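Below is one structure, written out as C-alpha cells; comments come after it.
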Amino acid sequence: MDDYEVIPVGKGKICLLFCLVLLIALHTGTRLGAAQTLQAPGRSQPEAVSADQVSYDEQTGRYVCHGNVRIDLGSRMLLANEAQLTSNLRTIWMQGNARLVENEIIFSGEAIYASLDDSRAFLFGQRCSMKRPGLSISSDAVQYRWDDRLVLFDGHVLMVDGDQEKACTHLEYDLEKNKAS
C-alpha cells in the first residue's frame, strides 16, 4: 500500500483550485503577478525558473519566458531578457544580456545555449567573456563544460590575467588549475 498524506477536505479543495489556476495560467501565458516561477523537481534539473512572464507554446513544446529571466541550476545561475526551455527542462536557449554566474565567475554573451544532458553551455554574440577577480577572457564564442570545469574560447581571444595579456585564436582555460593552455 502506498504511503500518502490525508488532507482535510477544505484545505484540499483550496490547494487543488490554486494548482489548477496556476496550471491554466502557465498554459495560456496569463500573468499572475510580478513574476512567474516554474518548479522543476528532479536531479540535474533547474531548481527554479522565474520570469516576468512565462507561457507554454504547444506547437514547439517549449516554455517561453520574457523579462528578468532567472534559472537556478544548483551553484550556477542563468540570467537573460528572454529564454526558451524544452518541456522536459533539459535544453535552454537564452538571449538578450545573457549571463551565466557561478560563484565569482561571470560568463556573458548575447545568447546562451545550455544542455543539461551534456553539462555544457555555449555563449554566442559579438563579444563573449568570462570574468572573475584578476582575470578576463573574451572571444567570439565560448563553451563552458561544467563537469570538468573547462572553458574553451574560439576566435579573437584576448586574455588579461593580472598584468599579462595574451591574444590568440583558441584558448582552453582549466578552472580547477587556474591555468590556460
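Among the residues that make up the range 92-99, is at least one of them on the phi > 0 side of the Ramachandran plot and touching a Phe, Trp or Tyr at 6+ places or on another chain (Cβ under 8 Å)? Within the range 92-99, not a single residue is on the phi > 0 side of the Ramachandran plot and touching a Phe, Trp or Tyr at 6+ places or on another chain (Cβ under 8 Å). The residues of the range 156-176 that are under 27 Å from the mean Cα position of the chain (by Cα), among the aliphatic types (A, V, I, L, M) and farther than 11 Å from residue 135 by Cβ, listed by number, are 157, 158, 171.
Only residues that are surrounded by fewer than 16 Cβ atoms within 10 Å (Cβ to Cβ) and more than 14 Å from residue 157 (Cα to Cα) were counted in the range 115-124, giving 4. Which of the residues belonging to the range 92-126 are among the small types (Gly, Ala, Ser) and not in a strand (DSSP E or B)? Scanning the range 92-126 gives 119, 125. The residues in the range 125-134 that are surrounded by fewer than 17 Cβ atoms within 10 Å (Cβ to Cβ) and either under 15 Å from residue 105 (Cβ atoms) or in contact with a helix residue (DSSP H, G or I) (Cβ under 7 Å, 6 or more places away or on another chain) (or both) can be counted, and the count is 4.
In the range 158-180, the residues that are in contact (Cβ under 8 Å) with a residue 12 or more places away in the chain reach residues that are surrounded by fewer than 13 Cβ atoms within 10 Å (Cβ to Cβ) and assigned to a strand (DSSP E or B) with C-beta atoms within less than 6 angstrom, at least six apart or across chains, in these pairs: 158/167; 159/166.
Of 71, 106, 112, all but one fail to be crowded, with 19+ Cβ neighbours inside 10 Å, within 26 Å of residue 178 (Cβ to Cβ), free of Cβ contacts under 8 Å to residues at least 40 places away in the same chain and in contact with a strand residue (DSSP E or B) (Cβ under 6 Å, 6 or more places away or on another chain); the exception is 112.
Under the condition of being touching a Ser or Thr at 6+ places or on another chain (Cβ under 8 Å), modelled with pLDDT of 95 or more and either over 14 Å from residue 112 (Cα atoms) or in a loop (DSSP other than H, G, I, E, B) (or both), the residues counted in the range 67-91 number 1.
Pairing each residue of the range 90-101 that is of a type in the set (D, E, K, R) with any residue that is part of a strand (DSSP E or B) and surrounded by 18 or more Cβ atoms within 10 Å (Cβ to Cβ), provided the two are 6+ apart or on different chains, yields C-beta distances under 6 Å for 99/79; 99/108. Residues being closer than 22 Å to residue 112 by Cβ and surrounded by fewer than 12 Cβ atoms within 10 Å (Cβ to Cβ) are represented in the range 142-153 by at least one member. Screening residue 163 against (1) at pLDDT below 95; (2) surrounded by 17 or more Cβ atoms within 10 Å (Cβ to Cβ) leaves a single unmet condition, (2).
The values are calculated or read from the model by the stated rules, or taken from the named source; none is laboratory data. No experiment lies behind these values; they were computed from the predicted model shown. All Cβ positions, even for glycine, are placed from backbone atoms using ideal geometry, and neighbour counts span all protein chains on display.
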